[in-house]
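Below you'll find the structure, written out as structure tokens, and then a few comments.
The values are calculated or read from the model by the stated rules, or taken from the named source; none is laboratory data. Treat the numbers as computed from the prediction; the structure is a model and nothing was measured. Virtual Cβ from ideal backbone geometry, glycine too; neighbours counted across all protein chains shown. What goes into the accessible areas is simple: the full protein's heavy atoms, side chains included, and nothing from ligands, DNA or RNA. Shrake-Rupley method; radii C 1.70, N 1.55, O 1.52, S 1.80 Å.
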Amino acid sequence: MKWHKAISRVWILVFLLGACNNPYKSTKNSETDYYITPKPAQIDMTEGRFLVNGKTLVQGPESLANEGIFLASMLSMASGHGLEYGNETQEGGSHVITLRLDETIGHDEGYRLQVAYDGITISGKTPTGVFYGIQTLGQLLPIQSTDTGSKEITIPAVSIEDYPRFAYRGMMLDVARNFFPKKFIKQFIDLMAMHKMNRFHWHLTEDQGWRIEIKKYPKLTEVGAYRNGTIVGHHPGTANDNKRYGGFYTQDDIKEIVAYATSRHIEVIPEIELPGHSQAAIASYPELSCFPNEPTKVFNDMISDASRKLQSGRTPKIVQETWGVQHDVYCAGKEFTYEFLQGALDEVIPLFPSNYIHIGGDECPKDSWERCPNCQKRIKDEGLRDEHELQSYFVRRMEKYLNEKGKRIIGWDEILEGGLAPNATVMSWRGTKGGVEAAKQGHDVIMTPTSHCYFDYYQSEDKEHEPLAIGGYLPVQTVYAYEPMPSELTEDEQQFVLGAQGNVWTEYINTPDNVHYMTLPRMTALSEVVWSPKEAKDWDNFKKRLRPMVHRYETMGMRVAKHAIKE
């Protein structure tokens with residue numbers, strides 16, 4: 001035993017002598033070494049650099065194994081050395097990175113990152129906080145570290161205390177207009193995690209496609225997941241490409257993606273649209289329409305040859321092939337509609353641990369309901385004043401069902417019309433008015449106005465040299481200037497503003513490259529809006545930090561819009 005202790009002292013002495021002779025102990029660092037986005041709440045730059053090489057240990061408790069394995073993998077990829085996560089915490093040593101849970105950290109998502117020449121400690125009140133500390137550490141790695149091959153890399157010494165401004169930091173991806181494979185969805189989730197975004201709003205159903213397997217209703221994917229063609233050019237289009245298009249996620253795919261997101265501390269919120277934007281479901285089960293025998297209309301008769309042939313026979317309903325607001329919506333008067341939606345949601349609910357289900361509720365024309373005997377009877381039987389109250393009835397009824405299943409609903413701000421469902425959260429997209437109104441009524445609000453948060457808008461006024469977009473103009477600087485907290489709210493009312501979300505609608509975004517181009521770096525700007533302290537925002541400073549971020553994206557193989565860094 002005495003011999004063992006003596007050997008231990010020798011090794012400790014070796015470690016200490018190695019630390020004293022460490023050439024990185026007094027290295028001077030520069031401001032550019034600390035370009036982190038979103039900007040931390042507090043950052044203190046110091047001298048020295050931590051060396052990552054084949055001797056580096058990554059360690060911490062078993063409860064942080066998910067985060068530790070993630071960090072070890074990230075550093076292995078950066079350095080080319082096969083690092084692993086160990087569960088035992090060792091004191092001393094000059095190549096140790098330690099993960100810790102620390103109850104003294106004041107915010108559930110907050111973290112403390114301390115880098116010195118002789119060790120790194122990442123602490124969080126929860127594993128989520130530790131994960132965000134790891135994401136910050138990743139941005140301190142040299143950008144060229146994504147190259148392959150074993151090498152020594154160093155991380156600048158720093159002390160960071162950080163936490164988010166808003167609880168809800170979201171991104172929405174529409175996969176219903178254009179479908180994206182499972183591999184890309186994971187990549188999108190990784191991008192969100194890199195920016196400390198924590199809510200993935202997954203838009204899964206639309207007029208142009210139903211993307212989630214529902215075993216009780218197999219036609220939703222057999223029929224509803226595919227359209228026979230798509231308009232060419234900007235709406236209403238110049239032609240139809242006559243190409244069958246589509247795809248869907250199996251329930252196993254959904255489980256895999258949700259588990260992947262959960263490991264990155266991202267909550268996945270599915271959107272199942274109702275009562276509008278429902279023509280893919282109606283094409284699958286025509287009885288969901290007020291008028292099952294009326295043919296689906298395509299603007300300017302830009303219908304595909306295959307669909308035209310179907311409609312000349314006995315198949316009037318087709319999956320929509322153009323964009324815009326459609327008038328064939330779920331029938332609010334038929335009991336089958338509610339039974340169908342409840343049956344579909346019964347399969348959706350177990351796939352998503354999220355407290356929320358997004359039910360849409362936007363852009364629902366009422367003209368079919370106005371002439372539908374079943375809808376008019378429902379209005380009369382329920383003592384409703386008009387079709388707006390019928391929509392409120394529809395939403396309230398679905399909310400009650402979901403509440404009974406332990407879920408809450410989110411809806412676009414149209415759900416305010418006719419009276420807001422009791423426990424609904426409002427996503428304010430038509431400006432901020434809906435969000436202000438909902439907050440004043442004591443409802444939770446997520447701000448996502450078109451003016452600042454719609455990433456399907458053009459990024460340059462020179463539209464001829466930009467990818468086709470839905471319209472509008474939303475440069476990065478406008479996104480960065482956004483203030484999610486409406487000034488009209490009192491201090492008590494402000495508690496209902498959960499945060500903000502960026503939206504990627506994909507009518508004109510049909511490839512992963514285009515998603516990246518339209519998203520980056522606008523998501524970068526939004527991440528700082530929702531994470532960093534309001535008083536820390538500085539456009540000129542952000543632009544400095546944006547340049548290496550763009551370089552980092554490009555080393556990851558992503559197409560990035562560079563308008564902001566060319567100014």
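Okay, here's what the table says:
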| read-out | value |
| --- | --- |
| Residues whose placed amide H lies under 5 Å from that of Trp210, excluding near-sequence neighbours | Ala225, Tyr226 |
| Those lysines that a straight Cα-Cα span of less than 23 Å connects to Lys433, excepting residues fewer than 8 apart in one chain | Lys366, Lys534 |
| Acute angle (nearest 10 degrees) that the helix 65-79 long axis makes with the longest principal axis of the chain, alpha-carbon atoms | 70 |
| 0 to 90° range, to nearest 10: angle between helix 335-348 axis and the chain longest Cα axis | 20 |
| From the C-alpha gyration tensor of the chain, square roots of 5λ in Å | 49, 24, 23 |
| Order of exposure, largest accessible area first, which applies to Met556, Met485, Met518 with probe 1.4 Å | Met556, Met485, Met518 |
| Kirkwood-based Rg to Rh ratio, the range 222-309, C-alpha trace | 1.07 |
| In Å², nearest 10: area of Lys182 left accessible to a 1.4 Å probe | 60 |
| With every protein chain in place, the range 340-401: carbon and sulfur % of accessible area (1.4 Å) | 45 |
| Mean separation of Cα contacts under 8 Å, 6 or more apart, over the residue count of the chain: relative contact order % | 13 |
| Share of carbon and sulfur in the accessible heavy-atom surface of the range 22-78 [1.4 Å probe, %] | 56 |
| Point-to-point label distance, Ala481-Asn403, nm (Cα→Cβ direction, 7 Å offset) | 4.1 |
| Enclosed volume per residue, in Å³, of the convex hull spanned by Cα atoms of the range 153-243 | 201 |
| Stokes-Einstein translational diffusion, the range 256-348 - Kirkwood Rh over all Cα pairs, 1.002 mPa s, 20 °C, in µm²/s | 142 |
| Alpha-carbon Rg/Rh ratio, for the range 410-567, with Rh computed the Kirkwood way | 1.01 |
| Cα centroid of the range 439-497 to Cα centroid of the range 512-531, whole Å | 13 |
| Overall dimensions of the range 212-262 as given by Cα atoms, namely Rg and Dmax in Å | 15.0, 43 |
| Rounded Å value of the spacing that divides the Cα centres of the range 299-366 and the range 162-182 | 23 |
| Dipole of the chain, positive direction: furthest Cα of Ala421, Gln494, Tyr473, with charges on the beta-carbon | Tyr473 |
| Residues listed by number, the range 388-432, amide nitrogen under 18 Å from Gln495 label point at 7 Å toward C-beta | 423-426 |
| Two-decimal log10 I(q)/I(0) for the range 99-204, as the Debye equation yields it once each C-alpha is a single scatterer, q = 0.17, 0.24 Å⁻¹ | -0.90, -1.23 |
| Cross-link reach list, lysines versus Lys215, counting only Cα pairs under 30 Å and skipping chain neighbours closer than eight places | Lys182, Lys183, Lys186, Lys243, Lys255, Lys297, Lys309, Lys317, Lys334, Lys400, Lys405, Lys407 |
| Within the accessible area of the range 436-525 (1.4 Å probe), percent carbon and sulfur | 45 |
| Nitroxide proxy distance, nm - points 7 Å out along Cα→Cβ at Lys463 and Ser263 | 4.3 |
| On Cα atoms only, tilt of 2-20 relative to the major axis of the chain in degrees | 80 |
| Cβ-derived FRET efficiency at R0 30 Å, Ser63 paired with Glu339, nearest 0.05 | 0.10 |
| Convex hull volume per residue in cubic angstrom - Cα atoms of the range 160-312 | 139 |
| For the range 281-439, the Rg and Dmax computed from alpha carbons only, in angstrom | 16.8, 51 |
| Contour excess over end-to-end distance, with Cα ends at Glu294 and Glu256 and 0.36 nm allotted per residue | 9.8 nm |
| Rg to Rh quotient for the range 501-550, alpha carbon positions, Kirkwood Rh | 1.05 |
| Å² of accessible area per residue within the range 311-465, as computed with a 1.4 Å probe and no ligands counted | 40 |
| FRET efficiency, 1/(1 + (r/R0)^6) with R0 56 Å, evaluated for Lys25 and Arg430 via beta carbons | 0.45 |
